[in-house]
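First comes the structure, then the notes that go with it.
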Amino acid sequence: MSDLITLTIDGVEVSVPKGTQIVDAAKQIGNDIPVFCHHPKLEPVGMCRMCLVEVGLPVRDRATGELLTNADGSPQLNFGRGLQTACTVQVSEGMVVRTSTEPVMAARKSVIEFLLTSHPLDCPICDKGGECPLQNLTMAHGAGQSRMHYTDKLKLAKHVPLGDLIYLDRERCIQCARCIRFQEEIVDDPVIRFHNRGRSLEIVTMSEPGFDSIWSGNTTDICPVGALTTADFRFGARPWELTPVASICPHCPVGCNTTMSTRREAVTNGRTVIKRIMPRQNESVNEIWICDKGRFVHHFADAADRLKTPLIRQNGELVPASWDEALDYVAGHLQKHSQAAAGLAGSHLSNEDFFSLQRLFREGLKSQNIDLAKRKMAGGDVAAQVGLMSGSNLKELGQGDAILVVAADLHNSAPVWWLRVKQATDRGAKLVVANARPTRLDKFAAYALRYEAGQALATINQLLNMAKVETETAVTNDIVAAAEALIKAENLVVFYGHEGLTYDETDALAKLLGNLLLLENEDGQSHAGRLNNGLVPVWPHNNTQGAWDMGIHPAYAPGYKPVKESGLDAAAIYTAVADGTVRALFVAGADPVGDGLMADRGKLDFLVVQELFMTETAVLADVVLPAQSWAEREGSFTNGERRVQRYYPAIPIMGESRPDWQIFAQIGERVGLGKPAFAASLVFKDVARVVGQYKGMDYRTLAQVAKQWPDVGGEDLYYGGNAYENRWGLGQQWPVAAEKGEVAHFDIPTVKSASRDGLQMMHTAVLYQPGTLVNHSGVIKPRKAEPTVALHPDDAASLGLADGEPAEVVVNGTAVPVTARIDYTAPTGLALVSGVPWWPGTAVAEIHKTAVAQLAAD
C-alpha cells in the first residue's frame, strides 16, 4: 500500500501505483483524457499536447515542509502558470487534476485546429473513418469551421508504399510517432523514421526491403488516423460494415487472440469473407499485438481451390460422391484392415478433432497406430509435470527472474513469445540462450551459449551439473555463470524447441530441463510448481499441445494415460506403408508426401485423406474428404502454455465440407461407436470428462472474461488503438502435476548420436515457410521464404559457392534447388538451410553447385 499514490481528478479521489501518469490514473476511474501520441504500451513523449490539463500540487512551507492549509482546513494548491501534459506528468500525493475547465477545453480546440490545418477532409473515403480517433475528437472538441485558407494546405503523396504490406498517406499523418516508437521501443525493429523538419516532416522507411519487420501491421492498429493502412484491407470495406468474430490464430503455439472482421461481398456472390484480422486483447497471451503472419495468412480459408465435395477413386480417377457413399466406403475399408490401419494428423486440428480421431482408432478400430504426421518434438508428458504453472503471465517477469531458451528461434517460430521474452529482459530479467547458431534473442541475452551440431544435450547436461554446484569463487566461464543465474533466480521460465534435434533428442532435452526446474536452491525450493515458473515447449504448430493432451500419440491415451501396448509412431508408419505392414492409412490435415516424409502410397490397400486442398498426398488417395477451416466452425486450441482457448465460426461453410471431428464421428458411428455428437461443444464435454487436466472446463468457462489493463477496445479508440476488447473469452490454463507436488526427477534416456563427420546441415525456422496455408496468401508472397542455404565463408569456399549462386541440397533423399548465401554469423562446419521441407536433427550436408552455376564458374 505504501506504493500507492492518492490524488483527486475532477473531484474524484483515486489511488494508483507510484509512477503512474495522470492520463492512466484518470482512465482507471473512467475519465477519458483525449490523446493522440500517448499509448499505454509506449513510453510517454508529450508530442501532440492534446492531453493538456490543469495540475495543482499541495503547497508546503519552505522552512518546515508542513502542508499549508486554507481557512476551511483544505490544503492550499498551486496550479502554476500553465497547463501540463497528462501523459508525461506522474501522479504525486495530494495532487489535484482538472480535465474539463475552460482553459483545458480551449487548448484541446486549438490542438485539433492545428492538426487539421493540413489534414485532408476525406473522411468519407478514408479507411479509418468510423473508427478514427481524430474524427471522434474533432467532433467532440473541434471548431465548426476552419480558419485555415484552403490554398495554404500542403499537398503530399497519398499512396506511398512503405513496404509491400503497409501504405502511407502523408497528408493524413499527424506526426504522433506512435508507429516509429512501436517499432523502436516494443519490437526492436527501428526500420521507419521521421525525415525532414517542420511542415515537411514525413515518415520514411530505412530498410531494404521497405518496412522490413514482421510486426508492421500493428502500426496500423495504433495509428490514430488513416495514415497507415494494410495492403490487403485498404479501400476494402468501411468499419461499420464489418462483423467482428472472435478467433485464435491457427499458426504457432502462442495462441494469439484475434478478431476476424467479415463482410458479405458482391464479388463472391454474396458470400461472407474475411476482410481483415485484428488483435484481440489478452494480457496473458499476446497482450494487444499479433505478428504479420497471424494478420495476413488467412486467405486460404476463402480460397477458390478449396475442396468442396467428397471424392472417390473410380477407374483411376477421383470423382465426386455423396457424403453417405464416401463415409460408408471409408468405414468399410478401415474395418476391413482394422489393426493394420494407421492414422496421421497435422498439428493444426482442434482439440475436438484430435479427440474424435483417436477415439475412432482406439475404440472403433482397436488400433494404437496413431501419431502426428510430422513427429518433430517430444516433451508433452514432461510439460504435463513441470510446465508453466497455471495463472502465470510472462508479463510479470522482470528483475531477479531468469529465462532459458534452448534450440529455438522464437522470432521465427513463436514471434509473440520472442517479444514477451525481450520485454522481460527490458524489465531486468536475465536471459540465457543456448543454440547451435545465433538468433535475434542473442542481443538481449546475458549469456549466449553456442554449442556444436549434435552437442545440445551435452551442453544442457553440463549446465544442469553446474547448477547443482554452489560456487563462492569468481565466475569466469559463461556456462557456470549462466547456471548460477538460473538456479538463483526468483522465477525461472524455460523454453525449448527442436532446431537441429531429433525427436529422441527433444525427449531427453525436455527431461533434462525438467530436472533443472526441479533442482532446489539454497533455500530448499525448486522452481517447478510455482507461479511464473515452468517449462514451455516451443511446439512446431498451433495445437501440438492439444494433440498431446488428446492422445495423438502411439503410447499415450487422452490425459497422458499410458496404453497397454504402444502402436507405431509416424516414422514406423511410413516404413510400414512401404513394406505393406500397414494396409490402410488415414491422413487428416497433413501432407506427408508433399513434405518428403512418405515417398508414395507404398503397398497400401487403402488411403483416405481429409484436407482443405488437393495436396500431393490427396492426389494419391482412394477417398478425399473435404474438411472445414478453423474460420468456418467453432472449436478450441491449446497453446504452448497449456491455455485452452475457444474460437468461433466467422464465414459460411465452403461447399459441402464438414468439421474434422464430425467426419471422424460419423465414420465412428459406422464402425460401432454409436450416435455422434451434433456440436463441437458436446465433443468438448466428452473431452472434459475423459481428460483429467480439462476437468471443469466447457465452452461457457472458456468464454469467461475479466477486466484487463490497459483498457483498450472501447469507444475511446484514441487511448489504446484499434485492438478489440476481449468479450468472447480469455481461456483456461490447466494445472501441472508439480502444482500438487506430485513430481519426481526424470530419468534421462540414452540417445544414440548420429555421425558428425564433415560439413553438417540443419533446418532453420523461417516465419513464412512455404506451405499450403502460406502459399494461398498472395499479399505476403514477396516475404515468402525462398529455399536458401546459409554458409560461413570458409565452408562456401570449400564448396566453391559464391553469394547468390544456385545450388542443390539433398533433403529427405530429394535434391532441392536453393540459393547460396554467405553468412558471417553462420557457424563454421554447419550449413543453415531454410525454406525447404523439414528433416529431423542435423545431417551430413550434401550440397552441390547446379549445372548452370558450374558452367558459369568454368
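The values are calculated or read from the model by the stated rules, or taken from the named source; none is laboratory data. Note that this is a predicted model, so its numbers are computed, not measured. FYI the Cβ positions are ideal-geometry reconstructions off the backbone, even for glycines, and counts take in every protein chain you see. Heavy atoms of the whole protein, side chains included, go into the accessibility calculation; ligands, DNA and RNA do not. Shrake-Rupley method; radii C 1.70, N 1.55, O 1.52, S 1.80 Å.
Mean shadow of region 495-564, computed from the convex hull of its alpha carbons, in nm²? Kindly include the intermediate steps, with their values, before the conclusion.
Details: hull surface 24.6 nm².
Directional mean of the projected Cα hull area for region 495-564 stands at 6.2 nm².
Which translational diffusion coefficient, to the nearest whole µm²/s, is obtained for region 403-469 from the Stokes-Einstein equation, given a Kirkwood hydrodynamic radius over C-alpha pairs, 37 °C and 0.692 mPa s? Don't skip to the answer; put the middle values down first.
Details: Rh = 12.3 Å.
Result for D is 267 µm²/s.
On the Cα set of region 314-358, report Rg and Dmax in Å, please.
13.3, 37
Using θ = phi - 60° and the Karplus form 6.51 cos²θ - 1.76 cosθ + 1.60, what ³J(HN,Hα) does each residue of region 486-491 get, whole Hz, x for Gly and Pro?
6, 5, 8, 5, 4, 10
Hey, with R₀ at 51 Å, roughly what FRET efficiency would Gln339 and Ala231 work out to, going by the Cβ-Cβ distance, to 0.05?
On the way: r = 52 Å, r/R0 = 1.02.
Once rounded, the FRET efficiency stands at 0.50.
Per residue of region 515-525, in order, report the coupling 6.51 cos²θ - 1.76 cosθ + 1.60 (Karplus, θ = phi - 60°) as ³J(HN,Hα) in whole Hz, putting x for Gly and Pro.
Per-residue couplings from phi come out as 5, 4, 5, 8, 4, 8, 7, 5, 8, x, 10 Hz.
Of Val204, Leu165, Ile214, which is farthest along the charge dipole of region 145-243 in the positive direction, counting Lys and Arg as +1 and Asp and Glu as -1 at C-beta?
Checking the options against the dipole of region 145-243, the answer is Val204.
Could you derive backbone 3J(HN,Hα) for region 355-372 from the dihedral phi with the Karplus parameters 6.51, -1.76 and 1.60 (θ = phi - 60°), listing whole Hz in sequence and x where the residue is Gly or Pro?
After applying 6.51 cos²θ - 1.76 cosθ + 1.60, I find 4, 5, 5, 5, 5, 4, 6, 6, 8, x, 9, 6, 10, 9, 7, 9, 6, 6 Hz.
Among Leu607, Ser350, Trp548, pick out the residue whose Cα is farthest towards the positive end of the charge dipole of the chain, where Lys and Arg carry +1 and Asp and Glu carry -1 on C-beta, about the Cα centre.
Value: Ser350.
Any idea how far the Cα center of region 674-691 sits from the one of region 1-46, in Å?
Spelled out, the Cα-based centre of one part sits 47 Å from the other.
Pop out the Kirkwood hydrodynamic radius of region 110-176 from its pairwise C-alpha distances, inverse of mean 1/r, in Å to one decimal.
On the way: mean 1/r = 0.0769 Å⁻¹.
For region 110-176, the Kirkwood estimate is 13.0 Å.
Across 5 Å bins from the origin, how do the percents of Cα pairs in region 555-651 run, short distances first?
The calculated distribution, bin by bin, is 3, 12, 16, 17, 16, 18, 13, 5, 1.
How large is the dipole of region 31-181 about the Cα centre if only Lys and Arg carry +1 and Asp and Glu carry -1, each at its Cβ, rounded to the nearest 20 debye?
420
Determine, from the Cβ-Cβ distance of Lys158 and Lys18 and an R0 of 41 Å, the FRET efficiency 1/(1 + (r/R0)^6), rounded to the nearest 0.05. If you can, show how the numbers build up before the last one.
Working: r = 45 Å, r/R0 = 1.10.
In this case the efficiency is close to 0.35.
Could you list the square roots of 5 times each eigenvalue of the Cα gyration tensor of region 631-679, that is, the equivalent ellipsoid semi-axes, sorted largest first and rounded to whole Å? List each step's numbers first, then the result.
On the way: eigenvalues 108, 58, 12 Å².
Those come to 23, 17, 8 Å.
Once both axes come from the Cα atoms, what is the angle between helix 415-426 and the longest principal axis of the chain, in degrees from 0 to 90, rounded to 10?
With rounding to tens, the tilt is 50 degrees.
Going by amide H atoms built from the backbone, whose H comes under 5 Å of the H on Ser657, apart from near neighbours?
Result for Ser657 returns nothing.
Applying 1/(1 + (r/R0)^6) with R0 = 51 Å to the Cβ-Cβ distance of Ser207 and Asp72, what FRET efficiency is obtained, to the nearest 0.05? Don't skip to the end; give the middle numbers.
Values: r = 62 Å, r/R0 = 1.21.
Taking R0 as 51 Å, the efficiency between Ser207 and Asp72 is 0.25.
Restricting things to alpha carbons, tell me how big the chain is in terms of Rg and Dmax, in Å.
In Å, with Rg to one decimal and Dmax whole: 29.1, 102.
Starting from a Cα-only point model with no solvent, please compute log10 I(q)/I(0) by Debye for region 139-186 at q = 0.15, 0.20, 0.21, 0.25 1/Å.
So the normalised log intensities are -0.64, -0.91, -0.94, -1.04.
Once you have the alpha carbon radius of gyration of region 142-219, what is it after dividing by 2.2 N^0.38 Å, with N set to its residue count? Don't jump to the answer; show the numbers that get you there.
Working: Rg = 14.4 Å, N = 78, 2.2 N^0.38 = 11.5 Å.
Taking N as the residue count of region 142-219, the ratio is 1.25.
Taking the Cα centre of the chain as origin, sum charge times position over the Cβ atoms of Lys and Arg (+1) and Asp and Glu (-1), and report the length of that vector in debye to the nearest 20. Write down the numbers at each step before the final one.
Working: 81 positive and 99 negative charges, 348 e Å.
My answer is approximately 1680 debye.
Could you compute the net charge surrounding Ile822? Neighbours are other residues with a C-beta less than 14 Å from the C-beta of Ile822; K and R count +1, D and E count -1. Intermediate results must be reported in sequence, preceding the final value.
Numbers: positive: Arg821; negative: Asp794, Asp795, Asp803, Glu805, Asp823.
Net of charged neighbours comes to -4.
Can you list the residues, at least 5 places off or on another chain, whose amide H is less than 5 Å from the amide H of Ala373, using H built in the peptide plane?
The answer is Ala345, Gly346.
What accessible area, in Å² to the nearest ten, does a 1.4 Å probe give for Thr701?
Approximately 30 Å² of Thr701 is accessible to the 1.4 Å probe.
Along the charge dipole of the chain, which of Leu365, Pro17, Thr6 sits closest to the positive end, that is, farthest toward it, with unit charges on the beta carbon of Lys, Arg, Asp and Glu (+1, +1, -1, -1)?
Thr6
Taking amide H positions as placed in the peptide plane 1.01 Å from N, state which residues far from Arg264 in sequence (5 or more) or on other chains have amide H under 5 Å from it.
Those qualifying (amide H under 5 Å, at least 5 residues apart or on another chain) are Val273.
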